[in-house]
Amino acid sequence: MTKVQKFQTSWEPASLIADRLKLRRKSVHNVINLLDDGATIPFIARYRKEQTDNMDPEMLREVATGLEELRAVEAKIQTVHNTISKMGKMTNVLETSLKFSTSILEVESLYAPFKPGHKGTHAERARALGLEAPALKLLDGQKFELEGIIDPTKKGLESAGNVEKGIKHIIADIVSKDKEITDKARVEFHDCGVTLESSKAKTKTTQDKKGDKSDSKMKRSGADSLAQKFEQYFNFKMSVKHIKSHQVLALNRGEDLKILSIKIVIPDRGKAAIIHFILNKYLKKVQSPYCCSLIRQAVEDAYERLIEPALCRKLRSDLTSNAEKASIAVFNSNLKNLLLVSPVKNKMILGVDPGFKNGCKVAVISPTGQVMDTSVIYLHDFKSDKIMEKNKIVSMVLNHRCDIIAIGNGTACRETEAVIADLLKQGLFKPLSVVYSIVDECGASIYSVSDEAKKEFPELDPTLRGAVSIARRLQDPLAELVKIEPKHLGVGMYQHDINKIKLETALNSVVEECVSFVGVDVNTCSECLLRRIAGLNATKAKNIFEWRVKNGHFTNRQQLLSIKGLGKKAFEQCAGFIRITCHASEGPTDEPAPVSPVKDVKKGRKRKIEGDGPSSRKKKKKDITDTWNPLDCTAVHPESYDIAHKLMDYFEADSSHIGQVNFIDQFKKKATDENIKIFCEEHKAGYPTVKFISDALKQPLSYDLREGSQKPLFKQNIISAADLHSGLELTGRVLNVTHFGAFIDIGVHNNGLIHNSKMGRHKKLAVGDRVEVKVESVDVARGRIGLILQSVNSS
């Protein structure tokens with residue numbers, strides 16, 4: 001069997017991606033090699049900085065996405081080339097066009113005439129009549145006898161007009177596939193002021209049948225209601241250079257719903273410039289007025305029938321692709337800020353899932369997340385004894401000495417908030433100093449009936465699980481939100497207009513990045529959290545969890561290598577993101593007593609010099625000891641323990657005191673950027689890696705990078721919607737960021753909107769930011785509140 005030879009494109013992914021993203025080709029090539037070798041984005045971003053020019057995770061994701069897209073194009077080109085070659089219809093022009101194609105759309109357009117059932121293009125049918133040779137002679141300025149080609153017995157050649165028509169189709173085909181011309185046409189399209197215009201789509205009206213009048217009326221009413229959402233696009237015109245991503249997605253949706261009609265409009269000067277460029281190229285050798293006329297007609301036909309439609313399709317495709325990427329970037333940013341909200345540690349929390357008829361579901365959780373008490377309290381049911389129900393909440397708060405009340409922002413949220421604010425105002429929680437916070441409950445109901453929730457709380461009613469989730473979201477947002485699919489967290493708009501697979505891949509990548517960079521204590525974390533660590537999956541996480549149940553706490557990272565299914569590659573990817581705190585004394589009763597941390601460190605260091613760390617993977621699993629190393633509780637990767645110890649020796653820091661105040665103070669004083677650079681020169685080490693190790697050693701072992709992030713907004717009083725008026729100044733929190741503005745929770749039923757034009761110099765808001773705003777307008781009927789941004793407090 002003959003092996004199919006790979007068709008080579010005129011480009012290679014690393015170069016194309018580097019040009020598009022304006023990156024160094026070498027660094028892009030390194031990223032591609034790392035990805036192909038199974039490396040994850042968090043691992044590359046944190047531990048391969050020298051190879052990538054210190055690319056951040058967002059840029060790495062762009063490279064990974066671009067690589068995936070281009071490899072899909074390569075595969076499609078190969079398939080199409082093989083298929084057309086087997087048909088015996090491959091031509092030099094077509095092969096060249098395939099070689100320069102960089103998108104699926106371009107390849108599909110080239111393949112369309114050869115699909116089964118397709119009659120073929122006009123040019124293909126003309127070539128089948130033997131008209132390609134005279135067409136090429138014509139373009140080369142050679143003479144040919146038209147009379148010698150006419151054949152009255154053959155369809156398509158029966159007259160001079162038909163022969164001319166066939167020759168013009170072939171010339172049009174050649175012109176439309178000329179790379180130099182398509183490149184020039186794209187430049188002209190970009191520079192000549194192309195616009196995208198939309199109008200209300202014309203719908204066919206039919207006489208209503210007698211028996212269907214009411215049904216038809218209802219359908220029209222529903223359609224009219226839907227159409228109202230697109231009124232702003234009924235007479236819309238915008239330069240493609242300035243159109244916004246959310247506008248593109250909205251236009252696409254309106255077109256899909258057959259509410260809008262959209263067209264690309266090219267100015268006459270653009271068309272004229274393209275045709276002029278083509279004629280200059282193809283009329284150089286032609287002298288005959290007759291031949292010039294034929295070529296001119298062919299070029300105009302090529303532009304109208306082939307070039308302009310293809311460029312318009314490409315332009316629409318690019319607009320959609322760029323809009324999707326921009327929207328996914330907004331989703332990613334919002335999700336990242338949501339996941340990295342600062343946890344509320346060491347607090348007893350009362351979680352409330354508000355409700356009317358079915359009551360408010362309430363759960364108390366301890367500072368470690370344990371469920372202490374649950375109840376259903378009917379605060380808003382007209383049949384209930386309101387005073388008695390309110391006393392239930394007061395009793396739960398006082399009995400469990402709760403610090404915070406977390407209220408879900410769903411149905412009956414504001415009514416429940418009013419009750420809590422009133423209880424606070426009356427001082428019924430004294431002597432406790434209680435505050436409350438509104439918590440986004442998106443996805444909580446989905447989680448409450450999930451297998452994960454059933455496994456975690458088998459005896460608890462699903463409605464009460466939602467209250468537990470709300471409380472835990474305040475206590476540790478990251479640990480709780482990873483239990484829910486990112487798409488259910490309400491972190492963006494136009495979710496349904498974006499490619500589902502692309503969106504889920506991007507959001508899952510952000511979750512993996514956040515969990516990995518925050519780090520996970522393998523001795524206390526949930527199996528669900530472990531799954532999200534870079535390099536691990538559901539199976540590996542389950543095996544780690546089962547090992548912990550069977551053997552007690554992990555005492556060092558090297559023990560991970562003894563777990564079934566977790567090989568060297570997985571260990572390399574996940575080890576730096578897993579934390580081992582010294583929990584040996586909490587393990588099974590038959591475990592040996594732990595030695596002192598000082599002695600452990602010295603032993604660990606000695607073993608390291610002798611070849612421990614990454615090279616210790618060569619040792620048999622039975623040689624892995626229970627010695628704890630403080631570096632296992634830092635972000636330093638095991639592969640860098642040797643350089644970490646050399647760095648500590650260089651700055652005369654006692655490794656037995658890693659994470660302690662004196663060690664940190666001494667290290668900060670000596671490990672300046674200048675001294676680190678000198679160390680790197682002497683030890684031939686990469687500056688980014690050594691700088692990262694240095695930064696990690698300047699932190700306490702309990703360091704949590706989220707502590708510097710935005711914190712929840714705590715309140716003790718409430719503002720009524722009736723109190724809103726123009727000029728009123730309020731404090732709020734950013735709930736969602738879009739391309740046109742940001743939605744703000746200001747404590748009333750409807751969220752306010754800060755339009756981009758009302759942000760002043762503060763153009764970059766993030767989910768969770770605390771903001772000071774001024775009310776600009778209140779439209780009670782439409783439930784719209786316009787806000788002006790005054791200031792931002794990101795922490």
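Highlighted here are the helices (runs of 4 or more DSSP H) found entirely within region 1-117 that include at least 3 residues which are closer than 30 Å to residue 577 by Cα and in contact with a helix residue (DSSP H, G or I) (Cβ under 9 Å, 6 or more places away or on another chain): 13-21, 25-36, 41-47, 49-52, 57-87.
Please work out which residue is surrounded by the fewest Cβ atoms within 10 Å (Cβ to Cβ), limiting yourself to region 427-474 and to residues that are assigned to a loop (DSSP other than H, G, I, E, B) and in contact with a His (Cβ under 7 Å, 6 or more places away or on another chain). Spell out the reasoning first.
Looking only at region 427-474, we keep the residues that are assigned to a loop (DSSP other than H, G, I, E, B), and these are 427-434, 440-443, 449-450, 457-461.
Still in the running and in contact with a His (Cβ under 7 Å, 6 or more places away or on another chain): 442-443.
On the way: 442: 19, 443: 22.
Result: 442.
If you go through region 579-588 one residue at a time, do you hit one that is modelled with pLDDT under 95, within 17 Å of residue 636 (Cβ to Cβ) and among the β-branched types (Val, Ile, Thr)? Yes, because at least one residue in region 579-588 is modelled with pLDDT under 95, within 17 Å of residue 636 (Cβ to Cβ) and among the β-branched types (Val, Ile, Thr). If we keep just the residues of region 346-365 that are part of a loop (DSSP other than H, G, I, E, B) and touching a Lys or Arg at 6+ places or on another chain (Cβ under 9 Å), which is farthest from residue 404 (Cα to Cα)? If we take residues in region 346-365 being part of a loop (DSSP other than H, G, I, E, B) and touching a Lys or Arg at 6+ places or on another chain (Cβ under 9 Å), then 355 is farthest from residue 404 (Cα to Cα).
The criterion of at least 1 residues that are among the polar types (S, T, N, Q) is met, among helices (runs of 4 or more DSSP H) falling completely within region 624-710, by 661-670, 673-683, 687-697. Scanning region 506-515 for residues that are crowded, with 16+ Cβ neighbours inside 10 Å and either more than 19 Å from residue 705 (Cα to Cα) or not acidic (Asp, Glu) (or both) yields 506, 507, 509, 510, 511, 514, 515.
From 460, 464, 489, 432, which residue is outside the structural domain of residue 367 (by TED's automatic domain parsing) and of a type in the set (A, V, I, L, M)?
On the way: 460 fails: outside the structural domain of residue 367 (by TED's automatic domain parsing); 464 fails: outside the structural domain of residue 367 (by TED's automatic domain parsing); 432 fails: outside the structural domain of residue 367 (by TED's automatic domain parsing).
Within the list 460, 464, 489, 432, the selection yields 489.
Based on what the data block shows, is residue 776 farther than 22 Å from residue 332 by Cβ, acidic (Asp, Glu), over 27 Å from the mean Cα position of the chain (by Cα) and crowded, with 17+ Cβ neighbours inside 10 Å? The answer is yes for residue 776. The set of residues in region 531-577 that are more than 24 Å from residue 484 (Cα to Cα) and among the hydroxyl-bearing types (Ser, Thr, Tyr) comprises 555, 562. Quick check on this structure: which one of 555, 524, 505 is among the hydroxyl-bearing types (Ser, Thr, Tyr) and either assigned to a helix (DSSP H, G or I) or in the same structural domain as residue 410 (by TED's automatic domain parsing) (or both)? Answer to the check: 505.
If you take the residues of region 376-415 that are of a type in the set (Val, Ile, Thr) and part of a helix (DSSP H, G or I), which of them is modelled with the lowest pLDDT?
Pass one, region 376-415, residues of a type in the set (Val, Ile, Thr): 376-377, 387, 393-394, 397, 404-405, 407, 411.
Now narrow it down to the ones that are part of a helix (DSSP H, G or I): 387, 393-394, 397.
Numbers: 387: 91, 393: 95, 394: 95, 397: 96.
This residue is 387.
Residue count for region 78-123 under the criterion of being over 19 Å from residue 181 (Cα atoms) and not small (Gly, Ala, Ser): the result is 22. Pairing each residue of region 254-270 that is assigned to a helix (DSSP H, G or I) with any residue that is not hydroxyl-bearing (Ser, Thr, Tyr), provided the two are 6+ apart or on different chains, yields C-beta distances under 6 Å for 254/230; 254/260; 255/262; 269/192; 270/188; 270/192.
The values are calculated or read from the model by the stated rules, or taken from the named source; none is laboratory data. Since we're looking at a predicted model, the values are computed, not measured. In this analysis, Cβ positions are derived from the backbone assuming ideal geometry, glycine residues included, and neighbour counts consider all displayed protein chains.
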